[in-house]
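A.B. asks: Structure below; questions to follow.
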Ligand code: ADP
Ligand code: ZN
Ligand code: ZN
């Protein structure tokens, strides 16, 4: 028989560490201490030392190939232990490769809430009998005694208690295997919430003659025990009973008649799907969409759908029904919304339809709530997860359906690493789970619609609004459709030529007055993005373009220059319009405050609410503003982008868009698309319950296809023009884009670094023999300076751009955005 001599080989861990790296594939190697051997395996989350700190890391490989250089030991596994599932790991690797980020960055959205915050070192005994037969020094013994008495203790607390630095003591005891160290996250992994209970110990034999309150309380407890058995009784149930007081219960506990316990609070029991849920009659259009979707859900094959339905056409109703189908079959559902703060109404509808079965996951929840919700999801207790893009990474193992509501929204793309798009990740996810992907929008992303047109995605359409239900022939409910609001485009050039220079055109003034006088509400929408950089002729609508690139030139006030953000062409701003000679060449910088003041002047006594970044900065929350509107405490809402999003305000009959051009003439790949979407969304806020709603759009270029198509609610017309434009200019979906941005406080450094990297990219393309790739730039970014740092950018365009970008290692100061939504 062989004796097991200590021939065990030293093990090593290759880990993806939470630290910026220029080689994004780089892993760091650590030695695996013997006592951790069983607890550290691939896909586990651990703490490792890096320079003077502890960092989180994900184990990629455990092996016994001794590296040629000295390595430090793994510090400890994260507690509670966390391991990525195989599916998640596969997704993480895919995200790192496609979005060109490090493995740790790609994994970060999967980590449980709370980890990754500051960690504090803790000590504990490895065995309950302390040091065993080890010979200890006095200080070592003191530490062991302390840990035996207190259990796990922070290093800081142990130092205080013993008045020593303990550095060598801890190291020796750890080496001897007497104690172990762990890193605990400060505010993470919060305590399990507890609830107070009461349990009967001795029902008889106490004299409560002189204590009537206690006698009554005991009576109630006895009856309950007789009925329901010996289970602990929730405290709050007891104190709600007439005659039972908290004081009496305390006194009974002191007599030893009952005991008061703190037990883990019961989590909500998984509610059963209600058989009647979702039993609204569908409109014929909804029913047709539902039948197609149902067939795919039944088939259990990965399949993608675009649910193209105008605002108020009943898309959410379809989401609810599909979710109910999945939940009823033990599958899980991910419902994504662009922004959770604006999704209160959607969340409420899901909660109402699936009480106790909906988890809302997002970063603004208190850490403890987030962590517990996350755990409940991980344990399979809650089947529906609603949240922003990060909810895609919820720990789910039986996903049947992923929904992206308002799939065209820019919020689905993350703008720091990993720079993923929720739609692309969802696509990957449904393949892993054989699930269905449902993309919903009134104004689908042009690339999504193109995919539907070319057959990669199946198209479901809801072309009409759901109106009030009426009883039709034979007593069956029928739906009346509700018309979309009428949109009037006001040509601001005409207003000017007729001597009207007010920021509200005459039709808008009239519509506002009418709305307020008849007790309805109005929204005035103002786009602020880029407003001060647009130079437009107010007489003819002309916007100066780059002679080489056909994109609008951008005004840079600090240099008093017009600049092309594609080719860096610079020229002075014209003092007269080059097209018509008028001197009414203006910049647009009207703010919400100005609009608010004008409304008050125009309609004295009107109650005006400003819904913009300023209001939110003052600490007002979306839901407060929403409530004020719903309670009819306001007549006119003046707002920016936020009011365009999916809010449902029954009393809004009138919408005014102050200047539709500001967004349209940004030199971005999606300016026309964003304009069309925004106009359609804002217009969709009007007339959601009643007919006769009005939308007024003010523009100096009313003939532009984005404005014209939006005014006719004509997605198809917009799409035809836009897809032709994209094809002509080689923009997505026809050619791929990758954007590189560098920031530096010194402009010259910024510019020269950008030039060097452009050369590197060109050389790499040559070396790889990449054919389909163009290099655009370097140029200053649209926002030339951000918080004191200049920004320069480079674009790669073409099918081979990913291969080129993937082959270069750039300094971590570069931001790389694959398939950017914007190139501003
Ligand atoms: P969307 O999500 O497309 O904007 P919703 O699902 O919110 O549309 O529907 C708009 C309104 O019509 C909501 O008030 C919704 O309750 C109602 N609705 C939708 N479908 C039906 C239906 N089949 N029967 C009755 N009301 C419906
Ligand atoms: Zn002009
Ligand atoms: Zn140019």
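A.B. asks: Starting from region 792-807, keep only residues that are over 25 Å from residue 751 (Cβ atoms), then list their pairs with residues that are assigned to a strand (DSSP E or B) whose Cβ atoms are within a distance under 7 Å, requiring at least 6 positions of separation or different chains.
C.D. replies: 802/738; 802/818
A.B. asks: Could you check how many residues of region 227-243 are without any contact (Cβ under 8 Å) to a residue 12 or more places away in the chain and surrounded by 13 or more Cβ atoms within 10 Å (Cβ to Cβ)?
C.D. replies: So the count comes out to 2.
So that you can scan it fast, the table gives a plain yes or no per residue for (1) surrounded by fewer than 21 Cβ atoms within 10 Å (Cβ to Cβ); (2) without any contact (Cβ under 8 Å) to a residue 60 or more places away in the chain; (3) within 13 Å of ligand 3 (Cβ to nearest atom):
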site: 522; (1), (2), (3): no, no, no
site: 526; (1), (2), (3): no, no, no
site: 538; (1), (2), (3): yes, no, no
site: 553; (1), (2), (3): no, no, yes
site: 559; (1), (2), (3): yes, yes, no
site: 567; (1), (2), (3): yes, no, yes
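A.B. asks: Sticking with this structure for a sec: Show me the helices (runs of 4 or more DSSP H) entirely contained within region 624-722 in which 3 or more residues are modelled with pLDDT of 90 or more. Spell out the reasoning first.
C.D. replies: Working: elements: 661-664, 671-683, 705-711.
The qualifying helices (runs of 4 or more DSSP H) are 671-683, 705-711.
A.B. asks: To continue, here is another question. Name the residues in region 567-612 that are within 13 Å of ligand 2 (Cβ to nearest atom), in contact with a strand residue (DSSP E or B) (Cβ under 8 Å, 6 or more places away or on another chain) and in a loop (DSSP other than H, G, I, E, B), would you?
C.D. replies: Within region 567-612, 574, 575, 576, 577, 579, 580, 582, 584 meet the criteria.
A.B. asks: In region 341-351, how many residues are under 16 Å from residue 327 (Cα atoms) and either in contact with a helix residue (DSSP H, G or I) (Cβ under 9 Å, 6 or more places away or on another chain) or part of a loop (DSSP other than H, G, I, E, B) (or both)?
C.D. replies: Residues in region 341-351 being under 16 Å from residue 327 (Cα atoms) and either in contact with a helix residue (DSSP H, G or I) (Cβ under 9 Å, 6 or more places away or on another chain) or part of a loop (DSSP other than H, G, I, E, B) (or both): 2 in total.
A.B. asks: Next question. Within region 280-303, how many residues turn out to be surrounded by fewer than 17 Cβ atoms within 10 Å (Cβ to Cβ) and in a helix (DSSP H, G or I)?
C.D. replies: Qualifying residue count, region 280-303: 9.
A.B. asks: Test residue 57 against the stated conditions and say whether it is assigned to a strand (DSSP E or B) and modelled with pLDDT of 90 or more.
C.D. replies: yes
A.B. asks: Being touching a residue at least 40 places away in the same chain (Cβ under 8 Å) and more than 28 Å from the chain's Cα centre (by Cα) is true for just one of 106, 66, 37. Which residue is that?
C.D. replies: On the way: 106 fails: more than 28 Å from the chain's Cα centre (by Cα); 37 fails: touching a residue at least 40 places away in the same chain (Cβ under 8 Å).
On inspection, the qualifying residue turns out to be 66.
A.B. asks: Now, a different point. If we scan region 149-162, do we find a residue that is without any contact (Cβ under 8 Å) to a residue 60 or more places away in the chain, surrounded by 20 or more Cβ atoms within 10 Å (Cβ to Cβ) and under 30 Å from residue 820 (Cα atoms)?
C.D. replies: Looking for residues that are without any contact (Cβ under 8 Å) to a residue 60 or more places away in the chain, surrounded by 20 or more Cβ atoms within 10 Å (Cβ to Cβ) and under 30 Å from residue 820 (Cα atoms), one finds none in region 149-162, hence no.
A.B. asks: Residues in region 776-799 that are surrounded by 18 or more Cβ atoms within 10 Å (Cβ to Cβ) and more than 12 Å from residue 741 (Cα to Cα): how many?
C.D. replies: Residues that pass the stated criteria total 3.
A.B. asks: What is the one condition in (1) more than 23 Å from residue 658 (Cβ to Cβ); (2) part of a loop (DSSP other than H, G, I, E, B); (3) more than 16 Å from ligand 2 (Cβ to nearest atom) that residue 620 does not satisfy?
C.D. replies: Checking residue 620 against (1) more than 23 Å from residue 658 (Cβ to Cβ); (2) part of a loop (DSSP other than H, G, I, E, B); (3) more than 16 Å from ligand 2 (Cβ to nearest atom), the one that fails is (1).
A.B. asks: Still on this structure, I have one more. Go through the residues of region 790-801 one by one and say whether even a single one is within 24 Å of residue 95 (Cβ to Cβ) and in a helix (DSSP H, G or I).
C.D. replies: Keep residues of region 790-801 that are within 24 Å of residue 95 (Cβ to Cβ), which gives 793-801.
Next cut, in a helix (DSSP H, G or I) only: 801.
Checked against the condition, which is being within 24 Å of residue 95 (Cβ to Cβ) and in a helix (DSSP H, G or I), region 790-801 yields at least one hit.
A.B. asks: Residues in region 731-747: is at least one closer than 30 Å to residue 636 by Cβ and either free of Cβ contacts under 8 Å to residues at least 60 places away in the same chain or part of a helix (DSSP H, G or I) (or both)? Working first, answer last.
C.D. replies: Keep residues of region 731-747 that are closer than 30 Å to residue 636 by Cβ, which gives none.
No, region 731-747 contains no residue that is closer than 30 Å to residue 636 by Cβ and either free of Cβ contacts under 8 Å to residues at least 60 places away in the same chain or part of a helix (DSSP H, G or I) (or both).
A.B. asks: Output the residues belonging to region 599-610 that are farther than 18 Å from residue 624 by Cβ and surrounded by fewer than 20 Cβ atoms within 10 Å (Cβ to Cβ).
C.D. replies: 600, 601, 602, 603, 604, 605, 606
A.B. asks: I need the full set of residues from region 449-461 which are in contact with a strand residue (DSSP E or B) (Cβ under 9 Å, 6 or more places away or on another chain) and farther than 22 Å from residue 299 by Cβ, in order please.
C.D. replies: 449, 453
A.B. asks: For region 556-592, what are the residues that are touching a helix residue (DSSP H, G or I) at 6+ places or on another chain (Cβ under 8 Å) and farther than 24 Å from residue 491 by Cα?
C.D. replies: Correct list: 556, 557.
The values are calculated or read from the model by the stated rules, or taken from the named source; none is laboratory data. These numbers come from a predicted model, not from an experiment. Please note: Cβ atoms are built from the backbone with ideal geometry, for glycine as well, and neighbour counts cover all protein chains shown.
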